[in-house]
Structures are given as C-alpha cells and as structure tokens.
Amino acid sequence: MVAQPGINMKIPNITIQQLLEAGVHLGHKTLRWNPKMKKYIFGKRDSIHIIDLTQTLELIKIALEKVHSTISNNGKILFVSTKKQASEAIAEVAKDTDQYFVNYRWLGGMLTNWGTISNSIKKLKKLEIDLVAENRGFTKKELLKMSVKKDKLQRSLGGIAEMKKVPDLVFIIDTNYESLAIQESVKLGIPIVAILDSNSNPDGIDFPIPGNDDARRSIDLYCNLIKETIIAAKKVSPVSDAKKTSEKKEELETKIQTIAEKDREKLDIKFSKKKDENLN
C-alpha cells in the first residue's frame, strides 16, 4: 500500500525562524539570478536576492513527505552533490541512513547506462578483495597500480557500490553542478528533490526547495531534516515489520532449540546412569 501524504507521516517540525537562522533566504547577487526562479524570489537587499521563505516552508514539507513515502515503501534515495560545501554532508547522511551518494564526480551514464556502471563496481570490489588477500602473487609495482585504480574507482563509485538498481528518488544540492544527474533522472522518470538557489534552473525538478545552496548552515539543515525523515519512515516501513517478525521467529526457534537440547541432555544423563547401573 502506497503511503499518502499527510497520513501517518512523521516529518520533522520546521519553522521560518529555523530557515532564517540557517540563512536559507539568502540568494545570489541579483546579476547572477536565473529569471526562471522569479516566482520564488521575495525581493532584494543590498543587490542580493531574498528567497520567499513562506514558499520554501511549504515546499520543503512536500519534499519531506515524498522522502518519507519513498522510504516507507522500501524505496532508496540517491544523494548527489559534487560541490565542496555539500559533498561531505550528503555522504554522511547517506551512510547514516543506508542510502546511496555521489559526491566526487558524476560519470556519464551513471543511471542511464547502469550495466556499464555495474561492471565498474564489480571491478572495484575485485580490486578490494585482491588487495587484502594473502599470498596475492602480485609485484609491488602491480599492487601500487591496483591501489591507485581502486582509489580512483572508490571516489567515483564508492557511494553506489551496493546499489543494485536505479534509485527511487534523487536528492540534489546545486542543480547547476549536477545537470547530468538531472538529465539522466528525467530520462528514466526518477523523481527529483532539489535545492534551488536564485541562480538555479528549476526545469525538470519534481520537488523544488527554494533556498541557499552554498552556506554550510543551510546545507546542514536540509541534510538533518532529510535524515530525521528517513529514520522516522524506516520505523513504519514493511521491511521494519518483517524484520521484527523475523527476529521474534528466530528468538522463538532459539528458545525451542535450547529447551530441546536441555531435554536431550537430561535424557542422556538418565540413560547413562541406567547403563552404569546395569553394568554394575
């Protein structure tokens, strides 16, 4: 059953004050704006565009509901941001919530040519195994070459190494940096949640969040909100229920096995005593 927005959805409380304190309202200089962002602009101050936080507040709630719906229905999210200010933050939230991420470089075909990317991931995993295996039989020069190749693949593919198929949702910080990721997601019909600054292009974004995409405080706020939403959604997902049922079943089977073993021990002792008595 697909979760409906607003029903049994626990998304974090967010206020305009929080957005203000994180600097979400601060856009770029007016000369650098994208006219397509006009509807999200409140005004300007000191030659800087001010983003309309009343819209941001509503749109971020809608985006978080989509995140919750995706996770609660056993979906997976791919976090994408290769810009310096956001790369560590999105990697951290993806790792903490068991999602995927790309934070070094978007390789062409990462989604649209998944077969080729899957083969590269297999090469990465093989290199990791070969480099830690004992009696490897490689020369120092070969090992060095393998190590360099592994590090290169790890930077680009490490965040999606466990991804078995294309994601159910893509989250992007800075659409100007990640135009390739957007093109591929749109082509495959994968919904996109994205932070849109005053210089961004909103085309192709299903769940826009107008806001500052440069300030670390703003980026941390977005990531924390999504992290909290994912954690809440996992608690109501069918996998969580199935896991609990499985754990209870395993616990019961362990108890039954323990009881059976104890009964068997008692019988063994009893028969052993009888055997000794008969021998005597």
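No value in this document is a laboratory result; all are computed from the given coordinates. Because the structure is predicted, anything quoted here is derived from the model rather than measured.
Taking 0.36 nm per residue of separation and subtracting the Cα-Cα distance, full extension of the segment from residue 14 to residue 235 would add 77.5 nm.
Over the range 112-165, the Kirkwood radius and the radius of gyration, each from Cα atoms, give a ratio Rg/Rh of 1.03.
In percent, rounded to a whole number, the relative contact order of the range 1-142 is 18, using alpha-carbon pairs under 8 Å and six or more apart. Straightening the chain between residue 120 and residue 224 buys 34.3 nm, computed as 0.36 nm per residue apart minus the Cα-Cα spacing.
Applying 0.36 nm per residue to the separation of residue 152 and residue 45 and subtracting their alpha-carbon distance, the gain on full extension is 34.1 nm. Shape analysis of the range 1-131 based on the Cα gyration tensor places the equivalent ellipsoid semi-axes at 34, 22, 14 Å, largest first. Calculation over all alpha carbon pairs of the range 107-249 in 5 angstrom steps from 0 returns a P(r) of 2, 8, 13, 14, 14, 15, 13, 10, 7, 4, 1, 0 percent.
Our note on the geometry: Cα centres of the range 140-161 and the range 105-121, 16 Å apart.
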